[in-house]
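Below is one structure, written out as structure tokens, with a few remarks after it.
Quick note: the coordinates plus some simple rules give every number you see, no bench work behind them. Computed from a predicted structure; not experimentally measured. Ideal geometry is used to build each Cβ from the backbone, glycine not excepted, and the neighbour counts take in all protein chains shown.
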2 protein chains.
Amino acid sequence: MPKSKLYLFKKTEVQLANLLKALSHPARIAILSTLSKRTECVCGEVVNVIPLAQATVSQHLKALKSAGLISGEFEGPKSSYCLNWKNIEELSSMLEDLVTTLKNNQQRCC
Amino acid sequence: MPKSKLYLFKKTEVQLANLLKALSHPARIAILSTLSKRTECVCGEVVNVIPLAQATVSQHLKALKSAGLISGEFEGPKSSYCLNWKNIEELSSMLEDLVTTLKNNQQRCC
DNA sequence: GTTTATTATCGTAATAATACGATAAAGAAC
DNA sequence: GTTCTTTATCGTATTATTACGATAATAAAC
């Protein structure tokens with residue numbers, strides 16, 4: 001019965017929530033770190049570092065990709081994933097904006 | 001069979017992921033905004049603003065509380081919830097640190 | 001003490017996320 | 001063309017999240 005109620009919220013809230021969700025698993029944070037250290041962003045290097053099965057890593061990569069935090073090109077037996085700086089910066093600044101807004105709003109609550 | 005593999009990751013990754021997860025739902029972002037605007041942080045005011053049932057809002061409040069993003073005191077028929085600035089700042093700075101680290105690590109990947 | 005107002009918790013149902021083995025797909029190496 | 005290597009997808013099982021009605025709990029108001 002619990003249908004998604006996401007449509008009831010503000011667009012920016014849903015957008016920020018989606019970006020945060022994309023990073024809300026340690027594996028996906030670790031994947032971003034790993035990708036940032038590699039000159040060649042091949043999935044195999046990620047699989048070697050992340051302590052999860054290949055299928056699971058691929059799934060996490062897909063989640064990051066669909067959130068726009070990484071972009072990837074599939075070229076036969078090698079696919080190269082890269083950090084998508086535009087959206088990483090956007091996530092960072094959206095969260096910063098939220099915190100700033102919270103501070104500005106703040107009344108004497110507590 | 002999928003037992004949690006969280007223990008396989010770095011402590012900081014798990015910690016950041018938990019904070020991000022706490023904010024990865026629009027309702028919980030909206031709750032923080034609402035609380036920031038109120039001089040009296042009573043749950044009822046939140047329930048009136050968030051378009052979800054009272055039980056659901058209470059559940060989201062619990063999630064925010066257990067992540068440490070808000071703190072609350074239950075005093076009979078009124079409970080007052082407040083933003084927990086220490087941890088909100090920590091979330092913000094942990095994410096900023098991550099982005100900075102990603103930037104510093106960056107090789108010529110893509 | 002009884003009623004009222006407010007919030008938390010319980011029970012439950014539906015949906016989403018997590019995890020992995022097995023298999024498919026696709027180009028490289030032979 | 002066959003084999004090998006690498007990555008994606010499928011199927012499936014488990015667990016977590018989301019959502020809400022109903023009920024309990026708690027203190028104030030009467």
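Points to keep in mind about this one:
- Degrees between helix A:85-105 axis and first principal axis of chain A (Cα, 0 to 90, nearest 10): 20
- Among the listed pairs B:LYS10/B:LYS78; A:LYS86/B:LYS5; A:LYS86/B:LYS3; B:LYS3/B:LYS37, a Cα-Cα separation exceeding 32 Å is found for B:LYS10/B:LYS78; A:LYS86/B:LYS3; B:LYS3/B:LYS37.
- Peptide-level mean, for B:61-67, of C-beta atoms on other protein chains within 10 Å: 0
- For B:GLU75, inter-copy label distances in nm, listed shortest first [label point 7 Å out on the Cα-Cβ vector]: 6.5
- Residue by residue along B:9-17, Cβ atoms of other protein chains within 10 Å of the local Cβ number 4 on average.
- Here B:PHE74 and B:VAL49 are evaluated by their C-beta separation; at R0 = 22 Å the FRET efficiency comes out at 0.60.
- Protection proxy ranking, highest mean first, for peptides A:50-56, B:79-85: B:79-85, A:50-56, where packing is the per-residue count of other beta-carbon atoms within 10 Å, averaged.
- Shielding score for A:97-104, defined as the mean number of other chain Cβ atoms within 10 Å: 5
- Plainly put, the tip 7 Å out from Cα toward Cβ on B:GLY44 is 6.5 nm from that tip on each other copy, the closest given first.
- Top positive-direction residue, dipole computed over the protein assembly as shown with Cβ charges, set A:HIS25, A:VAL99, B:MET94: A:HIS25
- Flagged links, alpha-carbon separation over 26 Å, of A:LYS11/B:LYS62; A:LYS65/A:LYS103; A:LYS103/B:LYS11: A:LYS65/A:LYS103; A:LYS103/B:LYS11
- Cα Rg, Dmax (largest Cα-Cα span) when computed across the protein assembly as shown, Å: 18.8, 63
- Shortest-first nm distances, A:ASN105 label point to equivalent points in other copies (7 Å, Cα→Cβ): 3.3
- Debye, to nearest 20: dipole size of chain B, +1 on Lys, Arg Cβ, -1 on Asp, Glu Cβ: 480
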